[in-house]
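What follows is a set of notes on a single structure, which appears directly below.
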Amino acid sequence: MQEWLYLVIGLAVVGVLAIAGFVGTRVRRPSPPKARTDVIAPPSETQAPPAGDSAVEAPPAEAPSAEAPPAEIPSEPAAPTLERPERPASRLVRLRQRLAGSHALGRGLLGLLSRDRLDEDTWEAIEDLLLGADIGVAPTQELVERLRTRLRVEGGQAPDTRAVLREELIDLVDPSMDRALKVSGDGDAPGVVLVVGVNGTGKTTTVGKLARILVADERTALLAAADTFRAAAADQLATWGERVGVEVVRGPEGGDPASVAFDAVRQGMDRGVDTVVVDTAGRLQNKQGLMDELGKVKRVIEKQAPVTEVLLVLDATTGQNGLIQAKVFSEVVDVTGIVLTKLDGSAKGGIVVAVQRQLGVPVKLVGLGEGPDDLAPFDAAAFVDALLG
Ligand code: GDP
């Protein structure tokens, strides 16, 4: 009987040890490496997982068990390979074919102006073409007037139509405007670029593309996801930033946009970053709301560093609607530059002229596609050359 008792006790002990061993193995087995989700978060210190988590996520410090050979121990996740964005200078030339819609304007004008006789019907057709491309009434009349004068054949040699048209179009687009992006601050302060515009115009995409332009120019940058009303916008920015090693400062969804902007600029200063680019909310609910929100964002930023550039993003395909948006925004903030997106899908290249005239502010960048480097610094002569093919 006693032997039976010893046998039962012995079996029980072996069973308990076996279970303990199994559980112990499970606990010690290192978990797979955690996917890197957060290049986006500002300072790396704030991204360390909370202490409570780390015990679960990290492999134990002691020697691994036989079930977990050293090769399987998760190490620090490999840094993602960063992309090398294209230098800005070559972009407009590379993208000139994308102005297909606007080429029609250039070709159409050349075709009409090359007719043997420039009669009234021809001039009217030229005017219609210009108005149809959204150049605007006053610039159209000015251009037609200049062309009429210069292309009048007065006895001597016929003028070079193409050369005259090129000169006059460049003049209209105004090569004298200063289109340099003000992305540097004074002294220790970073340059601060505030990006404004209505949702859907391509604002967030433009901020992402701008980060790539800055990186291509060998600048350090930080992005602020101050459109806190759309979590998707912050995620979108995070993806853009991750690809080129630019971090994104974001706040809680629905949080105060001004506090995100403030935080980003503060971190930019602390870390000696060259440029902070701030994406803003673009809900055109009413002018007062917009004014309050953008005004506050700008004021709060300027407690630390001046805003060096306010870029208004406009969708070139929206024509007159874009011009109305431009007017509203320019009354709310001092716009210093215009980004015209979606020029690749538009036959309305003339909006470049119209919007510059309306705001007295230069187009500084043009969006010519959905590719990451399809945002180009604008240049009057290169643009006109692209129009004329
Ligand atoms: P947001 O709401 O103003 O922030 O707009 P998004 O940045 O989300 O862009 C809206 C859509 O426009 C996206 O599908 C972009 O890929 C697209 N988009 C932005 N810029 C351009 C451009 O220059 N050309 C084309 N074809 N699409 C663009």
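If a residue has to be more than 22 Å from residue 382 (Cα to Cα) and either modelled with pLDDT of 95 or more or of a type in the set (Ser, Thr, Tyr) (or both) to count, how many in the stretch 149-177 make the cut?
The total comes to 1.
Please work out which one of (1) more than 26 Å from residue 82 (Cα to Cα); (2) at pLDDT below 95; (3) within 16 Å of the ligand (Cβ to nearest atom) is the condition residue 233 fails and give its number.
Single failed check for residue 233: (1).
Considering 228, 239, which residue is over 23 Å from residue 189 (Cα atoms), hydroxyl-bearing (Ser, Thr, Tyr) and in contact with a strand residue (DSSP E or B) (Cβ under 9 Å, 6 or more places away or on another chain)?
So the residue among 228, 239 that is over 23 Å from residue 189 (Cα atoms), hydroxyl-bearing (Ser, Thr, Tyr) and in contact with a strand residue (DSSP E or B) (Cβ under 9 Å, 6 or more places away or on another chain) is 228.
Out of 116, 128, 134, 171, which single residue is more than 35 Å from the chain's Cα centre (by Cα) and either away from the ligand (no atom under 16 Å from the Cβ) or surrounded by fewer than 21 Cβ atoms within 10 Å (Cβ to Cβ) (or both)?
After ruling out the rest, the residue left standing is 116.
Looking at 200, 208 in this structure, which one is within 10 Å of the ligand (Cβ to nearest atom) and either part of a strand (DSSP E or B) or within 22 Å of residue 267 (Cβ to Cβ) (or both)?
208
Answer yes or no: is there a residue in the stretch 241-249 that is out of contact with any Gly (no Cβ under 9 Å at 6 or more places or on another chain) and either farther than 19 Å from residue 212 by Cβ or modelled with pLDDT under 95 (or both).
No, because not a single residue in the stretch 241-249 is out of contact with any Gly (no Cβ under 9 Å at 6 or more places or on another chain) and either farther than 19 Å from residue 212 by Cβ or modelled with pLDDT under 95 (or both).
How do the pairs read when you match residues in the stretch 317-339 that are over 16 Å from residue 360 (Cβ atoms) and outside any helix (DSSP H, G or I) with residues anywhere that are of a type in the set (Lys, Arg) and at pLDDT below 90, using Cβ under 9 Å and keeping only pairs 6 or more apart or on different chains?
Between residues of the stretch 317-339 that are over 16 Å from residue 360 (Cβ atoms) and outside any helix (DSSP H, G or I) and residues that are of a type in the set (Lys, Arg) and at pLDDT below 90, the close pairs are 319/348.
Could you grab me the full set of residues in the stretch 298-316 that are away from the ligand (no atom under 16 Å from the Cβ) and not in a loop (DSSP other than H, G, I, E, B)?
Within the stretch 298-316, 298, 299, 300, 301, 309 qualify.
Does residue 376 qualify as being small (Gly, Ala, Ser), surrounded by 21 or more Cβ atoms within 10 Å (Cβ to Cβ) and not in a helix (DSSP H, G or I)?
yes
Please give the number of the condition residue 344 fails out of (1) assigned to a helix (DSSP H, G or I); (2) of a type outside the set (Val, Ile, Thr); (3) more than 11 Å from the ligand (Cβ to nearest atom); (4) modelled with pLDDT under 95.
That leaves (3) as the condition not met.
Is it the case that residue 292 is crowded, with 17+ Cβ neighbours inside 10 Å, over 13 Å from the mean Cα position of the chain (by Cα), of a type in the set (Asp, Glu) and assigned to a helix (DSSP H, G or I)?
It is false that residue 292 is crowded, with 17+ Cβ neighbours inside 10 Å, over 13 Å from the mean Cα position of the chain (by Cα), of a type in the set (Asp, Glu) and assigned to a helix (DSSP H, G or I).
Filter the stretch 295-339 down to the residues that are buried (at least 22 other Cβ atoms within 10 Å of the Cβ), closer than 23 Å to residue 269 by Cα and not charged (D, E, K, R) and list them by number.
Hits for the stretch 295-339 are 297, 301, 307, 310, 311.
Kindly evaluate residue 276 against the criterion of being crowded, with 21+ Cβ neighbours inside 10 Å, more than 12 Å from the ligand (Cβ to nearest atom) and in contact (Cβ under 8 Å) with a residue 24 or more places away in the chain.
yes
Hey, can you tell me all the residues within the stretch 350-384 that are within 15 Å of the ligand (Cβ to nearest atom), closer than 13 Å to residue 314 by Cβ and not hydrophobic (A, V, I, L, M, F, W, C)?
Correct list: 364, 367.
Can you name the residue in the stretch 183-192 that is touching a residue at least 24 places away in the same chain (Cβ under 8 Å) and surrounded by fewer than 24 Cβ atoms within 10 Å (Cβ to Cβ) and is also nearest to the ligand (Cβ to nearest atom) among such residues?
For the stretch 183-192, the residue satisfying everything is 183.
With the structure loaded, tell me whether residue 370 is within 25 Å of residue 226 (Cβ to Cβ), free of Cβ contacts under 8 Å to residues at least 60 places away in the same chain and surrounded by fewer than 21 Cβ atoms within 10 Å (Cβ to Cβ) or whether it fails that test.
no
Would you mind stating whether residue 218 is free of Cβ contacts under 8 Å to residues at least 40 places away in the same chain and either within 15 Å of the ligand (Cβ to nearest atom) or not in a strand (DSSP E or B) (or both)?
Here the answer is yes, as residue 218 does meet what is asked.
The values are calculated or read from the model by the stated rules, or taken from the named source; none is laboratory data. What you are looking at is a predicted structure, and each value in this text was computed from that prediction instead of being measured. Here Cβ is always computed from backbone atoms with ideal geometry, including for glycine, and neighbour counts include all displayed protein chains.
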